[in-house]
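The values are calculated or read from the model by the stated rules, or taken from the named source; none is laboratory data. The shown structure was predicted, so the numbers you read here are calculated from the model rather than taken from an experiment. We place every Cβ from the backbone using ideal geometry, glycine too, and count neighbours over all the protein chains shown. Quick note on the areas: whole protein, heavy atoms, side chains included, nothing else; ligands and nucleic acids left out. Shrake-Rupley method; radii C 1.70, N 1.55, O 1.52, S 1.80 Å.
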Amino acid sequence: MTGFSDSAQAMSLVAFSAVATVTLLLCVMTGPDGDDLDEFYTGYSSLSPVRNGLAIAGDYISAATVLGTGGVIALYGYDGVVLALSTALSLMLLMFLLAEPLRNAGRFTMGDALARRMPGRPVRIAACLVTLAALLPLMLVQLAGAGQLLAFVLGFSGDSLKTGFIIGLGVLMISYAAIGGMKGTALIQILKMVVLLGSGAVVAVLVLKRFAWDPGALFDAAAAGSGVGPDFLRSGLEFSGGPYPRLDMISSQLAVVIGGACLPHVTMRMYTASSARQVRRSMSWAVSAVVLFVLVITVVGVGATALVGRAAIAQADPQGNTAYLLGSRAAFGADVSTAETFLFTTVTTAIFLTLLASVAGMILACANSLAHDVFAARTPSMPPRREILLARLSALAVGVPTILLAALFQHRSLQPLVILSFCVGASALAPALVYGLFWRRYTRTGLLCTLIGGTVTVLALMPGTNLVSGSPASAFPEADFNWLPFTTTGLVSVPAGFLFGWLGTVVSGRRKAEEQRRQYEAVEGWILAGAVRRG
């Protein structure tokens, strides 16, 4: 299974063009006025819980999640299923622990939530820098993978065409964020989730039908097609090459579960709910959508190994990023009808939409933080029209370097950057939010130590992991400076992030801690119970 039929490629090209046109038109039609901050940043909190829940799930399920998780399931079986379940668990953590306090404390950005009880530009600037550190690597990976994926689907092989795809998609994503604002990108996320879940559910049904509706037979066939036998259905295959496979798996789960819940492009959706009740209902719909996605991606990923074989998947892409498409194509069998070609086109269009929507949401989160937390904070009386203009220019300032870097490094293994984003979320943002929202004595020094210390720890440790060097699948396979015996930094950097926050608060002194306790008590009702609407 190395390619797709000419009719499927032609239909996919038409579908991609139509989707790009329609979504851009949606952004233009729903774009905010030039002088209304609430409309640009939150869309007036006008989405119903169902639509807002789908938008949250759409931001949460990125293209890296769809393609990467599907690939890990197809290549490593049990470990991949655990990873998929971890994504659902992460969103549940956000729903039960952080969603309502975030909505009550924040207004537009992560900086707003953290500065609610600790005002000041240093806090906002640090929040912006960590937002960029968490999201830029994830954007870079998805843009770089976009050229490879579209070339694979459409049958092109030239590097110049792949680079052209990256540039074209990048321009589209910047346009979505700059023109559509929060409401425009939300509509694209909703459309993406409907198409992704609908087409994926149909493919999952077709896969199960191929095995007489027997999940046991499906998993047995996958184990046979994996080349590793029963080990495919046991824990540890993904991490078997390391000296401490169990600890490595725990480290990875820490990064995914804690980091995924705190990434800024996901948490910014909390501010679009009009009340605490609305955010609870929205999160319920979001979790339901993600759980359905986990079921779909598990069946399709395992089905890809059963129908195509692990060797063929690894040959198409060593990271397994094409497994979802290969599994979808194989589910139709040898004789593909026009209806099945149309359905496969829907699957590829869903992946295309996922790429567009995911990066657009991340660009918007970065642009909002730059405009609101850095530039507007310097001038409290800045006119709304000027702040919105700055947000749109910030989208350009964030997007252009990302496009250039993606085009430059598209042939490298960029998996370490995905892990980097989740580790920054888990090691810097998670401790800052937990302490900032719930610890009464937490001080500004503690917050800055958490944000800066957690991020620097991840950046210092990440080059030593086996994803960066020391293996054929690493980013630098010709080098070997692998000194950290884990795939992620989570086992070290997550405790370090919490420790930095505690140490910074202790160093601040008892008097400062008491001041912060009194300040927190003044806003505690707002943060924890929404007793007074933020404003």
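Here are a few things to note about the model shown:
- Eigen-decomposition of the gyration tensor built on the alpha-carbon atoms of the chain gives equivalent ellipsoid semi-axes of 37, 27, 21 angstrom, largest listed first.
- With the charge dipole of region 363-512 set up from +1 on Lys and Arg Cβ and -1 on Asp and Glu Cβ about the Cα centre, the Cα lying farthest toward the positive end among the listed residues C423, F486, P463 is that of C423.
- Accessible area of region 147-196 belonging to carbon and sulfur atoms, whole % at 1.4 Å probe: 71
- Overall form of region 100-162 per C-alpha gyration tensor (a/c, 1.5; a/b vs b/c): prolate
- Heavy atoms of the protein chains alone define the surface here; on that basis the chain has 37 Å² accessible area per residue at 1.4 Å probe size.
- The chain, dipole about Cα centre (Lys/Arg Cβ +1, Asp/Glu Cβ -1), debye to the nearest 20: 1840
- Length gained when the stretch D36-T163 is fully extended (0.36 nm per residue, less Cα-Cα span): 42.1 nm
- Kirkwood-Stokes translational diffusion coefficient of region 364-444, alpha-carbon pairs, 20 °C, 1.002 mPa s, µm²/s: 139
- DSSP loop trypsin sites (Lys or Arg not before Pro) with at most 16 other Cβ within 10 Å: longest gap in the chain: 1-233
- FRET efficiency, L393 to V28 (Cβ-Cβ, R0 25 Å, nearest 0.05): 0.85
- The chymotrypsin sites (Phe, Trp or Tyr not before Pro) of region 209-299 that DSSP puts in a loop, and whose beta carbon has at most 11 other beta carbons within 10 Å, are W213.
- Cα-based radius of gyration of region 212-367 once divided by 2.2 N^0.38 Å, which approximates compact folds: 1.26
- Accessible surface comparison of D112, D38, probe 1.4 Å, protein chains only, largest first: the order is D38, D112.
- Share of alpha-carbon pairs per 10 Å distance bin for region 95-203, given as whole %: 12, 25, 36, 18, 8, 1
- Extending 7 Å from Cα along the Cβ direction at A460 and again at V400 yields two label points whose distance is 3.5 nm.
- Rg/Rg_ref, region 443-535, where Rg_ref = 2.2 N^0.38 Å and atoms are Cα: 1.58
- Solvent accessible area, Å² - V506, 1.4 Å probe, full protein context: 80
- The slack between V194 and L13, meaning 0.36 nm per residue of separation minus the straight C-alpha distance, is 63.1 nm.
- Centroid-to-centroid separation of region 54-113 and region 375-422 [C-alpha atoms, Å]: 21
- Kirkwood Rh, Cα atoms: Rg over Rh of region 283-336: 1.10
- Per-atom-type breakdown for region 40-137 gives carbon and sulfur 71% of the accessible area (1.4 Å probe, protein chains only).
- Here the simple spin-label model places points 7 Å from the Cα toward Cβ, and for T379 and R440 these points are separated by 4.1 nm.
- The label-point distance for V205 and S48, in a model that sets each label 7 Å from Cα toward Cβ, rounds to 2.3 nm.
- For L98, net neighbour charge (Lys/Arg +1, Asp/Glu -1) across residues whose Cβ lies under 14 Å away: +3
- Whole-Å semi-axes of the ellipsoid equivalent to region 203-295 (Cα gyration tensor, √5λ, descending): 34, 23, 8
- Considering only alpha-carbon pairs that sit under 8 angstrom and 6 or more positions apart, the relative contact order computed for the chain is 28 percent.
- Principal semi-axes in Å for region 189-237 [√(5λ), Cα gyration tensor, largest first]: 28, 15, 7
- With every protein chain in place, region 468-535: carbon and sulfur % of accessible area (1.4 Å): 64
- Scalar couplings 3J(HN,Hα) for region 258-269, obtained by applying the Karplus form with A = 6.51, B = -1.76, C = 1.60 to θ = phi - 60°, are 7, x, x, 6, 10, 5, x, 6, 8, 5, 5, 6 Hz; x denotes Gly and Pro.
- For region 389-436, the Kirkwood radius over C-alpha pairs fed into Stokes-Einstein at 37 °C and 0.692 mPa s yields D = 251 µm² per second.
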